[in-house]
Structures are given as C-alpha cells and as structure tokens.
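Working notes for the structure below.
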Amino acid sequence: MTLKIILSRKGFDSASGGGPSPVVGGRAISLPIPDTQGISRTTYGKLRLGGHAKRASRGRFSGRHLCHNDPLFCEKGRALLGQCGAAQTHLANHGVGVGDLFLFFGLFRENGAAPHHRIFGYLRVEEVVSLWDCSDERRGELAALGHPHALGMHAANDAIYCGRGASGAPASDALRLTVPEGSPSIWRVPKWLRETGLSYHGRADRWLADDCLQSVARGQEFVCDVGTRDDAHRWAERMIAEIER
C-alpha cells in the first residue's frame, strides 16, 4: 500500500499563543491555539488546560478563553483534523487522503529547558469530509463533537480528516525532532527522508550532514510521499506505537 506521511505543525508557539506547550509528567501536552474567529465552544478550562495556557502565554490566556481545539481527539481512539485555505489546497494537490498518516508536531518546553520540536500525536486517515458539499447530517455529527470547522466554515474548501488517532505522547527521544542542544528548527530525520523529499523543503542547502534538516520557519503541512518503501512504512508504524505507548 502506498503512503503519504504529513508532518503537521500544531499547537502553541511564540506566534500562536505566546510560548511552547508543556511537557507534564513525561508526556507532551499540546495546547490548542487560541480561537480568533469566535466560533469555538471549547475553553482551555473545559480541556483542563487553563493553568498550562496561562503559564505558556504569560497570562494572556487562561481557562476562560476559547481555543481552536483542532486536531480534536475523541473517545475510543478517534481523531479529527480540520484544514482549509492554502494549507488544504496543498494537501489536496499532493493527493492526501484515505490511508495516509498525519504526524502532529509542535514546540515544547520541559522543566525550563530550551524549546524544541517534537511529535505529540497522529491521525491515520479513514475519511475526508468536504464540508462545503457534505450532507447536513454529517456536518451535524461533526459539529456535535465540537469540531470548530464543522461549527462554522473557515473557507470555501474546508475539510475534516477523520480516523484513528491519539495525542499526549511520551516525551521520548524517539519522537523528538530537534537535535540535542540545537536550534528548534534543526531536526534529526530518518535517512530515507532525504531521498523521498518533503514539501516546502526542496532547497538542497536545507539538507545537512548527519541526517539533519533545517526546517522552514512557518507552514503547517509538510507532505512526504513514501510510496511503498519498507523503511518508511516501518518508521511510521514505530512512531504510532511510540505515541500510543
């Protein structure tokens, strides 16, 4: 089976929220970005993240503030990711769909150490719902779960990716992207990634020695088409197993 792996940037950082998400009890707790459109029905307090949001944002946000709870992780190992605008166009142009794997990463800080990027969750796509032409019943089902994109359209190409997923991964070395003692944007990546490539990372000078990559400063969805490569498929399954550990 062919596979696309999407490294999907989510959660608090210096631009969205004001600081890194925390590592709590050895697990990466991604803080959803603040709601800027007045659509969400979910507060940081409802998610029991009020104190963490207040500390990470230096008091700008607290439990009473609404957040854009996306990706949304539900009961029984289900997950929903909404995307729209240029980022959704990018995913569609790369043919991302059923069977593909989103690996969610973000900026984290542990015990006052330097911020770093790490993977904290995943979504294996089983369904892609185009909100602009799906049935009212299907949109209502997604809205009942509280997904912000189903509660109010964000763009004409709004879509929600649905499938198996999990969050709150252990803060292990296996899921850390940033190299030790390095800038958050310098990642250690699997050897095969240099061969398959990663969208938005086409410049040759971004691919460094020792299997390292200078990641781009912004952007949400970075797509890698690994096809049927055994090494990449095995790596993907290891990432899922580590997240679920």
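The values are calculated or read from the model by the stated rules, or taken from the named source; none is laboratory data. These numbers come from a predicted model, not from an experiment. FYI the Cβ positions are ideal-geometry reconstructions off the backbone, even for glycines, and counts take in every protein chain you see. Note: accessible area is taken over every heavy atom of the protein model, side chains too, but ligands, DNA and RNA are not part of it. Shrake-Rupley method; radii C 1.70, N 1.55, O 1.52, S 1.80 Å.
Being at pLDDT 95 or above and more than 26 Å from F222 (Cβ to Cβ) is a description that does not apply to K76.
When the stretch 149-207 is limited to residues that are among the charged types (D, E, K, R) and closer than 21 Å to P71 by Cβ, the one that is least open to solvent (accessible area, probe 1.4 Å) turns out to be D158. Within the option set E126, E141, E137, being in contact (Cβ under 8 Å) with a residue 24 or more places away in the chain and either assigned to a loop (DSSP other than H, G, I, E, B) or open to solvent by 60 Å² or more (accessible area, probe 1.4 Å) (or both) holds for one residue only, E126. Identify all residues within the stretch 197-238 that are among the acidic types (D, E) and assigned to a helix (DSSP H, G or I); write none if there are none. D205, D230, D231, E237, listed by residue number. Return the residue satisfying two criteria in turn: it lies in the stretch 77-102 and is part of a strand (DSSP E or B) and within 16 Å of H147 (Cβ to Cβ), and of such residues it is most open to solvent (accessible area, probe 1.4 Å). Within the stretch 77-102, the match that is most open to solvent (accessible area, probe 1.4 Å) is R78. Within the stretch 160-190, the set of residues being of a type in the set (A, V, I, L, M), part of a strand (DSSP E or B) and farther than 21 Å from F73 by Cα comprises I186 only. Of all residue pairs spaced 6 or more apart or on separate chains, those with beta-carbon atoms under 8 Å, a first member in the stretch 198-210 that is closer than 24 Å to L101 by Cα and a second member that is of a type in the set (D, E, K, R) are S199/E221; W207/R194.
The residue of the stretch 208-228 that is nearest to the chain's Cα centre (by Cα), among those that are open to solvent by 30 Å² or more (accessible area, probe 1.4 Å) and among the acidic types (D, E), is D225. Is it true that some residue in the stretch 39-57 is open to solvent by 20 Å² or more (accessible area, probe 1.4 Å), out of contact with any Cys (no Cβ under 7 Å at 6 or more places or on another chain) and in contact (Cβ under 8 Å) with a residue 60 or more places away in the chain? Yes, there is a match, as at least one residue in the stretch 39-57 is open to solvent by 20 Å² or more (accessible area, probe 1.4 Å), out of contact with any Cys (no Cβ under 7 Å at 6 or more places or on another chain) and in contact (Cβ under 8 Å) with a residue 60 or more places away in the chain.
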